[in-house]
Amino acid sequence: FFLIQELLRVMRTIDDRIVHELNTTIPTASFVGKIDASQTCKELHQSLMDAHTSRERIIKNCIAQTSGVVKTLREEREKAQDDVALLKQLRKEQTKLKLMQSELNVEEVVNDRSWKVLS
């Protein structure tokens, strides 16, 4: 999970630097004729959309995989209720699943903030 968090942190760089990106995208009065601000904003918008889509896809794939592991461990747990190691593993995977699901909420907050700034 920590590797996924680190990957998401790196992938969220565009959102973290959105104000800087806008400040460097929108030309000052002296550069208005030299830079197509409209095209540059469209490119930034597309980059932001691509980043959001790829992060959401990664998070949802991780959730799906971990959900499968949890389901399998639950089935095994029903067969071997006395297995303490299996119970520990199940709880560990359930915790990981909850953390990944919470990343979807974090992603929503990050995305909303970026879109508000871009607007």
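Computed from the coordinates by the stated procedures, all read-outs in this text should not be read as laboratory data. These figures come from a predicted structure and were not determined experimentally. Here Cβ is always computed from backbone atoms with ideal geometry, including for glycine, and neighbour counts include all displayed protein chains.
One table, with the values for the structure above:
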quantity: Answer residue from the range 47-71, given it is more than 19 Å from LEU99 (Cα to Cα) and of a type in the set (S, T, N, Q) and is nearest to the chain's Cα centre (by Cα) among those; calculated: THR53
quantity: Residue selected from the range 85-119 under the condition among the basic types (Lys, Arg) and free of Cβ contacts under 8 Å to residues at least 60 places away in the same chain, by the criterion surrounded by the most Cβ atoms within 10 Å (Cβ to Cβ); calculated: LYS92
